[in-house]
Structures are given as structure tokens and as C-alpha cells.
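Colleague: The structure under discussion is supplied below as C-alpha cells; questions concerning it will follow.
The values are calculated or read from the model by the stated rules, or taken from the named source; none is laboratory data. Predicted model only: the values in this text are computed from it and were never measured. Note that we place each Cβ from the backbone using ideal geometry, even for glycine, and neighbour counts take in every protein chain shown. Heads up: the accessible areas ignore ligands, DNA and RNA and are worked out on the full protein's heavy atoms, side chains in. Shrake-Rupley method; radii C 1.70, N 1.55, O 1.52, S 1.80 Å.
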Amino acid sequence: MGETPRFQLGVIGALVLSVASSVAIVICNKALISTLEFPFATTLTSWHLMVTFCTLHVAQRFNFFEPKSIDLKTVMLFGILNGVSIGFLNLSLGFNSIGFYQMTKLAIIPFTVLLETVFLKKQFSQKIKLSLLLLLLGVGIASITDLQLNLLGSILSVLAIATTCVGQIMTNTIQKKLNVSSTQLLYHSAPFQAAILFVSGPLVDQRLTHKSVFAYKYSPLVVIFIVLSCLIAVSVNFSTFLVIGKTSPVTYQVLGHLKTCLILTFGYTLLHDPFNERNIIGISIAILGMAFYSYFCTHENKKKQTNQVSLPPEIKDTTPLLDPKSVVHHDKEGHEAKRTNGVATKDSLV
């Protein structure tokens with residue numbers, strides 16, 4: 001009986017950590033990129049992941065967690081796919097208008113629902129779907145200002161959506177199928193994510209900014225903010241895997257849009273960014289959609305738990321722990337796509 005409250009407390013802690021760290025890194029990166037004029041977001045993300053791996057390696061050495069062996073091909077594919085998704089998100093932002101980029105992020109939720117429904121046979125109730133639609137409508141009203149289309153930008157957006165969705169689904173699947181924790185999975189995959197971005201990051205950034213990260217003059221203040229950003233990113237990356245593992249890819253995306261609303265609000269109150277009635281209406285609708293989604297998810301989970309408890313012992317024991325059918329579904333699930341502008345709310349800059 002004590003497991004459920006403990007699990008719920010863990011979920012709440014993961015959600016709070018994810019929101020707090022994501023908002024913090026957005027503020028830090030905004031100062032770094034806008035104020036200090038360090039525009040190399042993809043390269044910065046590779047540094048985030050390298051610092052994350054080093055931090056986890058030290059933690060493992062001090063026995064804060066125990067590493068678990070994971071198939072090399074699985075973790076390599078997973079790490080590379082997540083790294084590629086971050087690159088595509090940043091390229092999508094660079095080659096599209098802000099409004100179209102926000103549409104790209106909004107499309108991740110329905111595409112994730114579609115993938116889980118078709119390939120994993122997961123069922124979403126009409127109430128859940130309507131609450132998600134309300135959420136997307138609100139975020140769209142609050143954040144989308146213009147929609148300028150171009151062929152290359154559209155292709156990059158489709159690739160960003162596909163890789164992000166598959167990567168996030170895979171994050172959830174690997175943790176549950178292989179029984180590994182979020183820390184263990186992040187520890188094994190971070191080097192591959194960092195490697196792909198470390199190689200491609202400078203090229204992507206140079207294509208987007210027409211500047212070289214190697215020619216940039218690093219002042220002491222810039223270095224301080226880079227270090228601070230990397231330290232916050234450890235928490236962002238860890239909480240991303242934690243939230244997806246404890247909940248679902250769709251819930252993580254809903255949380256991401258909550259972060260967007262909070263960032264818009266903080267931008268207005270702390271940084272005096274432009275804010276109008278449209279932003280207020282959109283944020284209000286989005287929060288209402290999130291409230292409905294949270295309520296319906298909680299209600300349906302409690303209903304499922306009640307049904308499971310009411311089953312006779314002989315029925316509960318008829319399904320083996322590793323049901324071949326469930327394994328087939330997991331195998332199809334493939335890859336769970338981020339967080340994730342970690343910043344671009346990995347938002348993709350995490």
C-alpha cells in the first residue's frame with residue numbers, strides 16, 4: 001500500500017525538478033546567447049552532455065548509483081538518435097520563422113499519440129485527447145505569431161518531429177523493458193549524444209550564425225555563464241529521463257508546454273518582454289488544458305489500479321512477468337524522442 005504514495009511523490013519531485021531546472025537554464029542561456037552574444041547553441045548542448053556524463057561518472061565512482069550493462073547497439077542508436085533530434089530542432093529554428101518552429105513543437109504531442117496508438121496499441125481516451133487539444137490550442141494562441149513556410153525548413157521540421165518522438169518513446173521503453181533507471185540510461189547514452197553533437201555542433205552553428213565557435217573571443221563572464229549553463233544542464237538532462245521514465249512521452253511534452261507558459265510569464269515579469277491580451281488568453285487556455293489532462297490521467301490511473309486490485313488471484317497470476325506480446329509491443333516502440341530547446345524547451349538547447 002505504501003508503494004503508490006511513494007511513487008506519486010517521486011513523480012511530483014521529478015516534475016518539479018524538470019520545471020525548475022528548465023526555467024533556470026532558459027534564463028541562463030538567454031543571457032548567454034542574447035546579452036553576451038554567444039550564439040553557438042548546438043555546440044553548447046554538446047558541452048552540456050559531456051559535463052552531464054562526467055558528473056554521472058564521478059557519482060558512479062562514489063557509489064551514488066550502480067551502472068547496469070545495456071546492449072551497446074541499443075544505447076548507441078538511442079544516444080545518436082537523441083543527439084540528431086537536438087540538431088534537427090536547432091536547424092528547424094534556424095531555417096523557419098519562430099511561429100512555424102512553435103508549430104513544430106506543438107506537433108510533437110499528436111505525432112507521439114499517433115505513434116503509440118499505431119505501433120504500441122496504447123489507448124488514449126476521448127477526454128485525454130480533448131484536454132491535449134485544449135492545451136495545444138492555448139499554447140498556439142500564446143506563442144505563435146507568424147507562419148512563414150519554406151521547403152527546407154518544412155523538411156527539417158518533419159525530421160525534428162520524427163526523431164524527437166521516437167527518441168522520447170524509446171527513453172520510456174528502454175527504462176521499462178530493460179529495467180534500468182533514468183540515471184543508468186543517461187550515463188550510458190550521454191557520451192554518444194555528446195559525440196554526435198560535438199562533431200556536428202560547430203558545423204550546424206556556423207551554418208546558422210555565419211560565425212565560428214573556434215574564433216569566438218571568450219571573456220571571463222562568458223566562461224562563467226557557460227559553466228553555469230552546463231551545471232544546470234545536468235539537472236535538466238537527468239530530470240528529462242526521470243520524468244519520461246516515471247510517466248510517459250506525452251506527459252513530458254505536456255510538461256514542456258507548461259514550461260513554455262512559465263517562461264513567457266517570467267519573461268514578462270522579470271525581463272519585461274512584450275506581453276499582450278493574446279498571451280494571457282493563450283496561457284489561460286493552456287493551463288486549463290493541462291489541469292484537465294492531469295485530472296483525467298489521475299482519474300484513469302486510479303480506475304485501472306482499482307480494477308487490478310479487484311481481479312481474483314488466479315486471474316492476476318495468469319500473465320507471465322515477461323509476456324511475449326508485451327515484448328513485441330515494446331520492440332515496436334523503438335525510440336523515444338527531447339527535451340528536449342531544452343532550451344528551446346529540451347527543449348532543444350539542453
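Colleague: Check off (1) under 15 Å from the mean Cα position of the chain (by Cα); (2) at pLDDT 95 or above for Pro191 and give me the number that stays unchecked.
Modeller: Single failed check for Pro191: (1).
Colleague: Can you give me the number of residues within region 198-222 that are in a loop (DSSP other than H, G, I, E, B) and not charged (D, E, K, R)?
Modeller: Taking region 198-222 first, the residues in a loop (DSSP other than H, G, I, E, B) are 210-219.
In the following step, the residues that additionally are not charged (D, E, K, R) were identified as 210, 212-216, 218-219.
The total comes to 8.
Colleague: Looking only at region 144-160, count every residue that is in contact with a Ser or Thr (Cβ under 6 Å, 6 or more places away or on another chain) and not acidic (Asp, Glu) and tell me the total.
Modeller: Of region 144-160, the ones in contact with a Ser or Thr (Cβ under 6 Å, 6 or more places away or on another chain) are 146, 148, 156-157, 160.
Cutting the leftovers down to not acidic (Asp, Glu) gives us 148, 156-157, 160.
Of the residues in that region, 4 qualify.
Colleague: Related question: Among the candidates Leu221, Leu159, Leu135, Leu149, which residue alone is modelled with pLDDT of 95 or more, more than 30 Å from Asp71 (Cα to Cα) and either open to solvent by less than 10 Å² (accessible area, probe 1.4 Å) or not aromatic (Phe, Trp, Tyr) (or both)?
Modeller: Values: Leu159 fails: more than 30 Å from Asp71 (Cα to Cα); Leu135 fails: modelled with pLDDT of 95 or more; Leu149 fails: modelled with pLDDT of 95 or more.
Going through Leu221, Leu159, Leu135, Leu149 in turn, the sole match is Leu221.
Colleague: Based on what the data block shows, is Glu116 at pLDDT 90 or above and touching a Lys or Arg at 6+ places or on another chain (Cβ under 7 Å)? Please lay out each step first, then the result.
Modeller: Numbers: at pLDDT 90 or above: yes; touching a Lys or Arg at 6+ places or on another chain (Cβ under 7 Å): yes.
So Glu116 fits the description; yes.
Colleague: Another question, then. Of all helices (runs of 4 or more DSSP H) completely enclosed by region 234-323, which ones contain at least 1 residues that are modelled with pLDDT of 90 or more, open to solvent by 20 Å² or more (accessible area, probe 1.4 Å) and closer than 24 Å to Cys165 by Cβ?
Modeller: 249-271, 277-310
Colleague: Go through (1) in a loop (DSSP other than H, G, I, E, B); (2) open to solvent by 20 Å² or more (accessible area, probe 1.4 Å) one by one and return the number of the condition Ala195 breaks.
Modeller: (1)
Colleague: Can you run down the residue pairs with Cβ atoms below 8 Å, 6 or more apart or on separate chains, where the first is in region 88-117 and farther than 11 Å from Ile161 by Cβ and the partner is part of a helix (DSSP H, G or I) and among the aromatic types (Phe, Trp, Tyr)?
Modeller: Once the first residue is farther than 11 Å from Ile161 by Cβ and sits in region 88-117, its partners that are part of a helix (DSSP H, G or I) and among the aromatic types (Phe, Trp, Tyr) give Leu93/Tyr101.
Colleague: Now for a separate question. Among the residues of region 79-97, is there at least one that is out of contact with any Phe, Trp or Tyr (no Cβ under 7 Å at 6 or more places or on another chain), closer than 26 Å to Cys261 by Cα and aromatic (Phe, Trp, Tyr)?
Modeller: yes
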